[in-house]
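Every number in this text was worked out from the coordinates using simple rules, so none of it is lab data. These figures come from a predicted structure and were not determined experimentally. Virtual Cβ from ideal backbone geometry, glycine too; neighbours counted across all protein chains shown.
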Amino acid sequence: MAVRDAEATKARILAASVAEFAHHGLAGARIDRIASAANANKRMIYVYFGNKDKLFDAVIDAAIGEMFEAVPFTPRDLPEYGAKLFDFLVAHPVEIRIDAWRRLERPVHTALEEEIFVQKVAALDAVRSTTQGALSSADLLVAVLAAAWSWVTVPTSLAVLATEDVALQRQQVVSSIEALCRSQG
């Protein structure tokens, strides 16, 4: 008789879900395909994750958690943080696809996402003093993230006109964030 390994099954389901949602989005994803790809019983998906929306949220949290672990936040060195985030995004295009589908089909944040950003804003608040006219820590973080994500989310019609040199793209991200930080004192 085969022994069930719930954690291994959940991990296979989550991995299959990432691929399915990245390719088809929330609306196009099919639980049957996820179950087949995960070599799991369809019923177990509902047992472990609930409905398809909750499974999508689990995929989003997994992606956010992976990025959070892989790219430590460095509030005292935002250009370095932006560079490492850029590197992660270039190496993990599935994260970009999941985020794009989330923005299109489920434009709400998860509790984990909110918690991570609250922590990052608090860490920025702790290391900087805002002066009149300076961006709030939250607004500064938005600008840093926008710079880091810029080259990997640019419209393809513009991307074909811009440099394809990833090292140059990375340097532009760093330079942009350095200029932003200088402007903020």
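Tabulated data
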| read-out | value |
| --- | --- |
| Residue-averaged [θ]222 nm for the chain, counting only DSSP H segments that reach four residues, each worth -39500 (n - 2.57) | -24500 deg cm²/dmol |
| Anchor K84: lysines whose Cα lies under 17 Å away (excluding residues fewer than 8 positions away in-chain) | K120 |
| Rounded to whole Hz, the Karplus (6.51, -1.76, 1.60) HN-Hα couplings of segment 32-47, x for glycine and proline | 4, 5, 4, 4, 5, 5, 8, 6, 10, 6, 3, 4, 5, 4, 5, 5 |
| Diffusion coefficient, µm² s⁻¹, Stokes-Einstein with Kirkwood Rh over alpha-carbon pairs of the chain at 37 °C and 0.692 mPa s | 180 µm²/s |
| Positive-end extreme of charge dipole, segment 100-158 - chosen from V127, A148, F117 (charges on Cβ) | A148 |
| R33-L158 pseudo-label distance in nm [points 7 Å out on the Cα-to-Cβ vector] | 3.0 nm |
| D (Stokes-Einstein, µm²/s), Kirkwood Cα radius, segment 11-115, 1.002 mPa s at 20 °C | 148 µm²/s |
| Zone of H109's modelled label, taken as backbone nitrogen in segment 124-163 under 16 Å from a point 7 Å along Cα→Cβ | 124-125, 136-146 |
| Length released on extending from T74 to N51, taking residue separation times 0.36 nm less the Cα-Cα span | 4.7 nm |
| Leading residue at positive end of dipole, the chain (Cβ point charges), from A70, H23, S136 | H23 |
| Net charge dipole size for segment 6-183 [Lys, Arg +1 and Asp, Glu -1 on Cβ; Debye, nearest 20] | 500 debye |
| Cβ-defined net charge surrounding I31, 11 Å radius [Lys, Arg +1; Asp, Glu -1] | +3 |
| Chain lengthening between S129 and A15 when straightened (0.36 nm per residue, less Cα-Cα) | 36.8 nm |
